[in-house]
Amino acid sequence: MILGADRSRLSKRHGATSVLAFKEEGFLPEAMVNYLARLGWSHGDQEIFSREELIQHFDLATVGQAGAVFDRAKLEWLANHWMKQMPAERLANDLALFLERAGLPVPADRAWLGRVAESLKERAKTFVEMVEMGGFYFAEPAGYDREATVKFFTPEAVPRLTLLLRRLETQEPFEPEALETLYRGLAAELGLKLVDLAQLTRIALTGKTASPPIFQVAALLGREKTLARLRKCLAVVEGKA
């Protein structure tokens with residue numbers, strides 16, 4: 001018997017109970033198979049199993065008779081593990097389906113989409129979550145995090161963004177390592193911490209205070225979109241300053 005956290009029989013009031021419902025949430029099948037096989041069964045202390053390993057080790061004789069509690073947190077931990085194991089091509093193909101469902105544009109360049117997914121998979125547990133985290137790659141942020149604007153949209157941000165725009169316009173190559181070098185050099189020149197420039201850029205590009213590494217984000221967005229979003233942010237800051 002599969003039980004909820006309150007140790008009563010698992011039902012809809014505990015959340016999703018259908019495998020198809022978890023599929024709709026964007027859980028990888030590898031994670032679901034791994035988790036369900038371990039529910040009430042063990043093989044030593046091993047938690048992570050590929051299908052091949054399950055075929056090799058699973059035995060009904062070692063399945064416990066007591067009810068097993070469905071632990072969503074553990075499922076999500078496994079889901080994140082398996083997400084990080086997926087190759088970029090597989091991630092891109094699956095992510096495209098969830099972008100379409102969310103009404104976001106699906107890039108024709110699957111190699112680029114694979115790189116985007118690679119940048120998001122470290123923190124994502126499902127493809128729905130990946131879309132929520134990385135929507136800024138596919139559509140310009142509609143606004144900026146309110147608390148972040150209070151902290152970072154200050155009069156000092158105007159010259160900082162202006163200088164960043166000037167340097168980024170001619171930056172070659174427009175790649176993560178080179179961008180980080182540029183930012184570190186400018187921060188030292190201005191007597192600032194790297195975060196003062198990086199976080200301001202993160203807000204401008206994503207609308208949020210948390211994202212994949214910002215130099216990776218800028219490189220994936222490309223020079224044109226990065227500059228356009230920084231200019232829009234500068235206009236907003238100037239209006240507040």
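The values are calculated or read from the model by the stated rules, or taken from the named source; none is laboratory data. Just so it is clear, the structure is predicted and the values come from calculations on it, not from any experiment. Here the Cβ positions follow ideal geometry from the backbone for every residue, glycine too, while neighbour counts run over all protein chains shown.
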Hits in region 134-152 (condition: touching a helix residue (DSSP H, G or I) at 6+ places or on another chain (Cβ under 9 Å), of a type in the set (A, V, I, L, M, F, W, C) and within 17 Å of residue 100 (Cβ to Cβ)): 138
Against the definition (under 17 Å from the mean Cα position of the chain (by Cα), more than 17 Å from residue 230 (Cα to Cα) and free of Cβ contacts under 8 Å to residues at least 40 places away in the same chain), how does residue 188 come out, yes or no? no
Which pairs do you get when a residue that is among the aromatic types (Phe, Trp, Tyr), found in region 118-134, comes within reach of a residue that is not in a helix (DSSP H, G or I), reach meaning Cβ atoms under 6 angstrom, with the pair 6+ apart or on two chains? 127/26
Among the residues of region 4-20, is there at least one that is within 26 Å of residue 130 (Cβ to Cβ) and modelled with pLDDT of 90 or more? no
Please specify each residue of region 57-87 satisfying the condition of being surrounded by 10 or more Cβ atoms within 10 Å (Cβ to Cβ) and more than 30 Å from residue 113 (Cα to Cα). 57, 58, 62, 63, 64, 67, 68, 69, 70, 71
Please work out which residue is farthest from the chain's Cα centre (by Cα), limiting yourself to region 33-50 and to residues that are surrounded by fewer than 13 Cβ atoms within 10 Å (Cβ to Cβ) and not polar (S, T, N, Q). 44
Quick one: residue 141 ticks every box in (1) touching a residue at least 60 places away in the same chain (Cβ under 8 Å); (2) assigned to a helix (DSSP H, G or I); (3) surrounded by fewer than 20 Cβ atoms within 10 Å (Cβ to Cβ) except a single one, so which number is it? (2)
Just one listed residue, out of 25, 30, is more than 29 Å from residue 219 (Cβ to Cβ), touching a residue at least 24 places away in the same chain (Cβ under 8 Å) and surrounded by 17 or more Cβ atoms within 10 Å (Cβ to Cβ), and it is 30
Hits in region 19-52 - residues which are out of contact with any strand residue (DSSP E or B) (no Cβ under 8 Å at 6 or more places or on another chain), assigned to a loop (DSSP other than H, G, I, E, B) and over 18 Å from residue 124 (Cα atoms): 42, 43, 44, 45, 46, 47, 49, 50
Can you name the condition, by its number, that residue 63 falls short on among (1) touching a Leu at 6+ places or on another chain (Cβ under 7 Å); (2) within 16 Å of residue 35 (Cα to Cα); (3) not small (Gly, Ala, Ser)? (1)
How many residues are surrounded by fewer than 20 Cβ atoms within 10 Å (Cβ to Cβ) and in a helix (DSSP H, G or I) if we restrict to region 144-155? 6
Given the residues 224, 189, which is the only one that is of a type outside the set (A, V, I, L, M, F, W, C), more than 25 Å from residue 142 (Cα to Cα) and not assigned by TED's automatic domain parsing to the domain that holds residue 112? 189
Residue, surrounded by the most Cβ atoms within 10 Å (Cβ to Cβ), within region 96-138, restricted to residues that are part of a loop (DSSP other than H, G, I, E, B) and among the small types (Gly, Ala, Ser): 124
Which one of 178, 148 is in contact (Cβ under 8 Å) with a residue 24 or more places away in the chain and of a type in the set (A, V, I, L, M)? 148
